[in-house]
Amino acid sequence: MSDLPAKEAAPAREPVTAFTTPRLMSVDALRGFDMFWIIGADALVHAFSRISSGPAAGADGPKGFSLAGLLAEQLEHVDWAGFRFYDLIFPLFIFIMGVSLVFSLTKQIATGGRADALKRLFRRFVLLFIVALLYSGGFTNPWPDMRLLGVLNRIALCYLFGGLIFIYFKPKAMVGIAVALLVGYWALMSLVPIRNIQLESGNLAKMAEAAGDETMAAAFRERKNFSTIPNSPPFLWAREQFNQTTEMTKGKFEPGLNLANHVDFQYLPGKKWDTYYDPEGYVSTIPAIATCLFGVFAGLLLRSSRHNDKKKLIYLFSFGIASVLLGFLWGTQFPIIKKIWTSSFVLVAGGYSAMLLGAFYWMVDVMKWQTWCLPFVWMGTNSITIYLASNIIGGFRKLAARFVGGDVRGFFENNVAYGTGDLVVAVFGLLLAFLFLRFLYQRKIFLRL
């Protein structure tokens, strides 16, 4: 751990001023590219897939074997184990946050010392966590229908712990911490004994049926989120069965049958996204911090003056390829599962994130091909703003329907081709989002928290 005075920067880091560390457009563009899929690009691809499927498939029918259908499949999360493009969106954002953290906190340390950097870190963490609670509904519904952990909450926690590690430790120590987080999480999930009960609605329904309680079995088959209902009989029944289970097991990674899910069931209050556990719960936040540290390592590389652009790109792509291969190899024993953020998932997502960063850095900051990515830059510099705005209005696609929904959508469906109406709505929604972001960017309005 560094023992430098408060006003000095770590010696392993190069001195920074506002003049020697210009903002990298590629980082903002990649963040905007990431948000692009969240805000509405996924709906665009799904609309294309419906066009290729034809009316016989129905609006929610099979996508067939078209290229658009295959792309649409990549824009859906896997049910549990596996990896698709859409599973990269969340870890990519945390990775990019780690990259940005290097530039912002290094500058803060250089100009105001470690104390100022800590103040900035804790202030942004608190504000982001409060916004996260409001994003999830805040106090709209009575307790326990309030989610305490979610996507923005995890981002806030990763920012806090990733920032603390960056401020207090040197790069080699940070590498050791990242490895310890991944290996330690694997050890916890693989070696710590848990009760041999699967907290999943289908399994709980079978248990109730075996116990002769048809009423309770029927309740579980409804698959309601009983964690949001005060003293819900099905939730209390599940807790009773959990507490009465004496048989122990370990090394399990099934839904509702793993350490992370069981800890959430026992100790996470309020609404749990998957009724009995949460994909952004307590234990699975541990490896997510490593995802942020992967971004920190990439940020240190990009900021370094010791390597030219060619070497930086070689390092990014080499790490990316090695990380993906190692992740899939580890996944044969510790499956790649986003919902419990397994260590293998961290490696695969981190590897793809590094390669994407390398591609954007080469195009935008090395080759200076920048015009094409300006809309992504608008979105990337106001990512939290657009995320919150989309939540408030119910999505830009919903807003777009006010302009091109109803008969306009029906005209395209009936007179052009099946699915084109949804395509028009999706395109118009993205257009509205980009116009809003361009307005903010031109007037230098940014929500930094």
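The values are calculated or read from the model by the stated rules, or taken from the named source; none is laboratory data. Every value quoted in this text rests on a predicted model; they were computed, and no experiment measured them. All Cβ positions, even for glycine, are placed from backbone atoms using ideal geometry, and neighbour counts span all protein chains on display.
Restricting the first residue to region 416-444 and requiring it to be among the basic types (Lys, Arg), which pairs with a second residue that is part of a helix (DSSP H, G or I) meet a Cβ separation below 8 Å and a spacing of at least six or different chains?
438/375; 438/378
Tell me which of these residue 395 doesn't satisfy, since it passes every other one: (1) at negative phi; (2) modelled with pLDDT under 95; (3) of a type outside the set (Lys, Arg).
(1)
For region 196-212, which residues satisfy the criterion of being more than 24 Å from residue 345 (Cβ to Cβ), in contact (Cβ under 8 Å) with a residue 24 or more places away in the chain and not in a helix (DSSP H, G or I)?
Correct list: 196, 197.
State all residues of region 237-264 that are in contact with a helix residue (DSSP H, G or I) (Cβ under 9 Å, 6 or more places away or on another chain), assigned to a helix (DSSP H, G or I) and surrounded by fewer than 18 Cβ atoms within 10 Å (Cβ to Cβ); if no residue qualifies, say none.
Within region 237-264, 239, 241, 242 qualify.
Assess whether residue 378 counts as being on the phi < 0 side of the Ramachandran plot and modelled with pLDDT of 95 or more.
On the way: on the phi < 0 side of the Ramachandran plot: yes; modelled with pLDDT of 95 or more: yes.
In short, yes.
Taking the condition of being of a type in the set (A, V, I, L, M, F, W, C) and either in a loop (DSSP other than H, G, I, E, B) or under 12 Å from residue 279 (Cβ atoms) (or both), how many residues in region 78-92 meet it?
Within region 78-92, the subset of a type in the set (A, V, I, L, M, F, W, C) is 78, 80-81, 83, 85, 88-90, 92.
Okay, now just the ones that are also either in a loop (DSSP other than H, G, I, E, B) or under 12 Å from residue 279 (Cβ atoms) (or both), so 78, 80, 83, 90.
Residues flagged as of a type in the set (A, V, I, L, M, F, W, C) and either in a loop (DSSP other than H, G, I, E, B) or under 12 Å from residue 279 (Cβ atoms) (or both) within region 78-92 amount to 4.
Given the condition over 30 Å from residue 270 (Cα atoms) and assigned by TED's automatic domain parsing to the domain that holds residue 386, answer yes or no: does some residue in region 154-166 qualify? Step through it out loud before you land on a result.
Taking region 154-166 first, the residues over 30 Å from residue 270 (Cα atoms) are 166.
If we keep only those that are assigned by TED's automatic domain parsing to the domain that holds residue 386 as well, we get 166.
Checking region 154-166: at least one residue is over 30 Å from residue 270 (Cα atoms) and assigned by TED's automatic domain parsing to the domain that holds residue 386.
Quick one: in region 333-355, of everything that is within 21 Å of residue 282 (Cβ to Cβ), more than 14 Å from the chain's Cα centre (by Cα) and touching a residue at least 60 places away in the same chain (Cβ under 8 Å), which residue is surrounded by the fewest Cβ atoms within 10 Å (Cβ to Cβ)?
Step one: filter region 333-355 for residues within 21 Å of residue 282 (Cβ to Cβ), giving 334-346, 349.
Narrowing the set further to residues that are more than 14 Å from the chain's Cα centre (by Cα) leaves 334-336, 343-344.
Keeping just the survivors that are touching a residue at least 60 places away in the same chain (Cβ under 8 Å) gives 334-336, 343.
Working: 334: 20, 335: 16, 336: 23, 343: 25.
Applying the filter and picking the extreme gives 335.
Identify, please: which residue in region 360-417 is of a type in the set (S, T, N, Q) and surrounded by 13 or more Cβ atoms within 10 Å (Cβ to Cβ) and is, among those, nearest to residue 42 (Cα to Cα)?
Of the residues in region 360-417, the ones of a type in the set (S, T, N, Q) are 370-371, 381-383, 385, 390-391, 414-415.
Then drop every residue that is not surrounded by 13 or more Cβ atoms within 10 Å (Cβ to Cβ), which leaves 370, 381-383, 385, 390-391.
Details: 370: 24, 381: 21, 382: 19, 383: 17, 385: 19, 390: 14, 391: 16 Å.
So the residue we want is 390.
Has region 296-311 got at least one residue that is out of contact with any His (no Cβ under 7 Å at 6 or more places or on another chain), farther than 23 Å from residue 172 by Cβ and modelled with pLDDT of 95 or more?
yes
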